[in-house]
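For reference, the structure discussed in these notes is given below.
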Amino acid sequence: MVTTVASARVETLASSGIQSIPREYVRPQEELSSIVNVFEEEKKREGPQVPTIDIRDIASEDREVRAKAIEQLKAAAMDWGVMHLVNHGVSDDLIRRVKVAGEAFFQLPIEEKEKYANDQASGKIQGYGSKLANNASGQLEWEDYFFHLAYPEDKRDMSLWPTTPSDYIPATSEYAEELRALATKILSALSLALGLEEGRLEKEVGGLEELLLQMKINYYPKCPQPELALGVEAHTDVSALTFILHNMVPGLQLFYEGKWITAKCVPNSIIMHIGDTVEILSNGKFKSILHRGLVNKEKVRISWAVFCEPPKEKIILKPLPELISEAEPARFPPRTFAQHIQYKLFRKTQDVQAPVTN
C-alpha cells in the first residue's frame with residue numbers, strides 16, 4: 001500500500017529523474033502563456049509591488065501614530081488584500097525553529113512521512129498528502145503538503161503531529177499561539193478601519209473559542225518543466241486571514257490589475273492574505289486576491305501557511321449591516337463557512353466544464 005501512495009507523491013516523481021512531467025500536471029493552454037521564470041520575475045523592480053506594512057504602531061498608545069498605522073493597513077487591505085507584515089512581534093528565533101522543523105519533516109524518508117498520510121477519500125484530510133484532482137480536467141498541482149489543525153489546543157489531534165524532528169511540536173505550538181495573538185491585533189485594526197468597534201470582526205469569525213488555525217506546509221519539489229506546471233493553481237483563500245512564511249525561494253504570484261505580479265522575498269516578514277471571510281464581512285471593501293504558486297527547476301520551495309478559519313456551521317457569513325447602504329447594497333448572500341466552501345468548489349467545476357469562449 002505504501003508503494004502505491006508513495007508513487008503518487010510529487011517528491012517521488014521529481015526525484016525519479018524524469019525529464020518531462022506527466023500530462024495531468026500540464027496546465028491548460030490558456031494558462032501557459034502567463035507562466036514565467038520566477039527568478040527573472042522576482043528581479044523586476046518596475047511595476048506594482050506587494051505592499052510592505054509595518055504593524056508595530058497599530059497598538060501604539062499615541063492616537064495619531066496608531067491612526068496612521070491603521071490607515072496604511074486599511075489601504076493595503078482595500079487595494080491588494082495581501083501584504084508583507086514587518087515588525088509583527090513574532091521572534092526571528094521562533095520563525096527559524098518553525099522553518100527548521102518543517103524542512104526536517106520533509107527531509108525524512110518517504111516511508112516515514114507516509115506514517116502520517118491522510119486519506120481524503122474517507123474525509124481524513126489532516127496529515128501528509130498530495131493534491132487529488134477535484135475538478136473535471138483532472139489536473140494536479142506540483143506539490144506535496146502536511147496539513148493539521150494547530151489551534152486552539154483542545155481541538156488538536158496530537159497523534160497527527162510528527163514526533164521527529166523533536167522540536168516540531170514545541171515550535172509549531174508556540175508559533176500557533178503567537179499567530180493567534182497577531183490575528184486578534186490585525187482583526188482589531190481592520191475593524192477600526194471599517195468604522196466598527198474594535199472587537200467586531202473577531203467576534204464575527206468565532207472569537208477566541210471558535211476561530212481555528214489550520215497549518216499547511218507546502219512542499220514544492222524542483223520541476224523539470226516549470227513553464228508547464230503550477231505549485232498551486234489560481235484561487236482565493238476561504239479563510240478570514242492567512243499568514244505565510246517561506247524559505248526565501250520566490251513563487252507566490254498575485255493577480256493585480258489584470259496581470260500576474262510576483263511577490264518579492266522580504267526578509268523577516270510574514271505574508272498576510274485577507275481571505276474570503278473578511279471580504280464578505282466587509283462587503284467587498286477589503287479584497288481577497290486571486291493568487292497562485294509557481295515552481296522552478298533549481299530550488300525546492302517550502303511555504304508555511306496558517307489559515308484562520310471561522311467554524312464551519314455556527315456562523316452565518318454575510319456583509320455586516322453597518323457596511324450596507326442604498327449606494328452599497330450587500331454584495332454577498334448569507335452562507336455558512338461550509339456552504340461558502342461548497343459554493344466555490346461547485347463554481348470551479350462549472351468553470352472547468354464550461355467552454356472557453358475567448
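Throughout, read-outs are computed from the coordinates displayed, never taken from laboratory work. Because the structure is predicted, anything quoted here is derived from the model rather than measured. When we count neighbours, we look across all protein chains shown, and the Cβ atoms used for this are built from the backbone with ideal geometry, even at glycine.
Things to note:
- Low-density loop cleavage sites - trypsin sites (Lys or Arg not before Pro) in the range 8-72, where at most 16 other Cβ are within 10 Å (DSSP): Lys44, Arg45
- Shape index of the chain: Rg/Rh, with Rg the Cα radius of gyration and Rh the Kirkwood radius from the inverse mean 1/r over Cα pairs, equals 0.95.
- Cross-link table Lys297/Lys318; Lys113/Lys314; Lys68/Lys299; Lys155/Lys344; Lys113/Lys259, entries beyond 32 Å C-alpha to C-alpha: Lys297/Lys318; Lys113/Lys314; Lys68/Lys299; Lys113/Lys259
- Separation in nanometres of the label points that stand 7 Å from Cα toward Cβ, at Phe346 and Ser91: 4.9
- Packing around the peptides 160-166, 72-78, 46-52, taken as the average count of other Cβ atoms within 10 Å per residue, puts them in this order, highest first: 72-78, 160-166, 46-52.
- Radius, Kirkwood style, for the range 65-127 when every pair of distinct Cα atoms is counted (Å): 15.7
- Relative contact order (%) - the chain, alpha-carbon pairs under 8 angstrom, separation at least six: 21
- Multiplying the residue separation of Asp62 and Met78 by 0.36 nm and subtracting their alpha-carbon distance yields 3.3 nm.
- Loop trypsin sites (Lys or Arg not before Pro), the range 266-297 (other Cβ atoms within 10 Å of the site Cβ: 16 or fewer; DSSP): Lys297
- Neighbour net charge for Asp57 - beta-carbon separation under 15 angstrom, K R +1, D E -1: +1
- Taking each residue as 0.36 nm, the span from Glu111 to Thr163 lengthens on full extension beyond its C-alpha to C-alpha distance by 17.2 nm.
- Cα gyration tensor shape for the range 18-169, rounded if a/c is under 1.5, else prolate or oblate: oblate
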